[in-house]
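Contents: one structure, followed by commentary.
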Amino acid sequence: MDWLQALILGIIQGLTEYLPVSSSGHLTIGAHLFGINGADNLTFTVLVHVATVCSTIVILWREIAWIFKGMARCEMNEETRYALNIVVSMIPVGIVGVFFKDAVEAVFGSGLAIVGAMLLVTASLLAFTYVAKPRQKEKISLRDAFIIGLAQAAAVMPGLSRSGSTIATGLLLGNKKETLAQFSFLMVIPPILGEALLDVVKGLTGKEAFGGIDTLPLVVGFLAAFISGCLACKWMINIVRKGKLIYFAIYCAIVGLITLALSAL
């Protein structure tokens with residue numbers, strides 16, 4: 001991987017992490033077009049996901065500070081309940097990460113067919129939210145947080161959008177769009193940082209730690225994902241509030257069909 005490829009893939013990651021079109025799916029497509037192997041692609045994917053987590057922290061720092069200030073009072077207040085919802089939402093993806101990590105990594109190297117199929121699933125989910133109109137709730141419950149967490153766990157599949165799955169699931173459960181985007185972006189911070197920490201704990205150093213990728217492409221990719229992620233995070237929150245997800249459903253359907261066609265060549 002050279003620095004220009006890393007720049008392009010980093011921008012793709014930063015934009016698509018927050019837009020409901022699957023960042024992992026687009027990275028897989030990009031890596032396929034650039035001829036990047038599975039190990040390098042997976043390592044780079046973890047790194048740029050950390051970059052977009054950092055962009056989430058920058059954009060939503062007020063909300064994060066609000067949660068920690070409330071928790072510091074050591075009482076069951078609104079902020080503590082919000083933090084508890086995030087913890088509950090992490091349970092499904094934590095189980096997948098601990099017990100099925102190898103299987104998930106194998107899927108990332110399984111080619112374009114799975115990406116195309118999952119993009120079509122993402123399109124279906126987003127389209128269904130356009131049709132379904134459940135009665136809205138005031139707050140996200142623990143039950144809803146867990147179900148949204150199940151959607152996040154399922155979205156480890158490349159091509160199945162994490163933000164699209166979690167936001168669509170929340171909408172179908174009747175949660176308000178105004179709060180869903182923020183919750184969707186905050187709930188992913190601990191799992192991704194935990195994944196990165198596990199990779200560090202492995203004790204690998206130098207090139208081996210980075211799957212053979214040089215330092216310059218890693219730095220360029222990280223910065224590209226971080227900067228584009230900051231822009232996309234703010235944009236996506238406004239899009240969800242306005243309820244314009246149907247356009248992303250159409251996009252995912254088109255890209256999914258093209259990807260399936262490419263996989264058959």
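The values are calculated or read from the model by the stated rules, or taken from the named source; none is laboratory data. These numbers were taken from a predicted model, which means no experiment stands behind them. Here the Cβ positions follow ideal geometry from the backbone for every residue, glycine too, while neighbour counts run over all protein chains shown.
Observations, loosely collected:
- Matching residues in the stretch 252-264 - criterion: being out of contact with any Pro (no Cβ under 9 Å at 6 or more places or on another chain) and either closer than 14 Å to A168 by Cα or modelled with pLDDT of 90 or more (or both): A253, I254, V255, G256, L257, I258, T259, L260, A261
- Pairs, first touching a residue at least 40 places away in the same chain (Cβ under 8 Å) in the stretch 168-184, second surrounded by fewer than 18 Cβ atoms within 10 Å (Cβ to Cβ) and part of a loop (DSSP other than H, G, I, E, B), C-beta under 7 Å, six or more apart: L172/A132; L172/P134; G174/P134; G174/R135; G174/Q136; K176/Q136; K177/G243
- Residues located in the stretch 173-196, provided they are over 11 Å from the mean Cα position of the chain (by Cα) and among the hydroxyl-bearing types (S, T, Y): T179
- Within the stretch 215-239, residues that are of a type in the set (D, E, K, R) reach partners that are at pLDDT 85 or above with beta carbons closer than 8 Å, at six or more positions or on different chains, in the pairs K234/I59.
- Of the helices (runs of 4 or more DSSP H) lying entirely inside the stretch 134-189, those carrying at least 2 residues that are surrounded by fewer than 21 Cβ atoms within 10 Å (Cβ to Cβ) are 142-154, 177-187.
- Entry remark, the stretch 51-79: residues being under 21 Å from I11 (Cβ atoms) and over 21 Å from the mean Cα position of the chain (by Cα) number 0 in total.
- You will find that of V255, V240, V219, the residue that is assigned to a helix (DSSP H, G or I) and over 27 Å from C54 (Cα atoms) is V255 and no other.
- Single condition G111 does not satisfy, out of (1) more than 18 Å from the chain's Cα centre (by Cα); (2) at pLDDT 90 or above: (2)
- Of all residues in the stretch 144-163, those that are under 16 Å from V53 (Cα atoms) have Cβ atoms under 6 Å from Cβ atoms of residues that are part of a loop (DSSP other than H, G, I, E, B), 6 or more apart or on another chain, in S161/P20; S161/V21; S161/S22; R162/A155; S163/P20.
- Residue in the stretch 40-60 that is over 20 Å from T16 (Cα atoms), modelled with pLDDT of 90 or more, of a type in the set (V, I, T) and part of a helix (DSSP H, G or I) present: no
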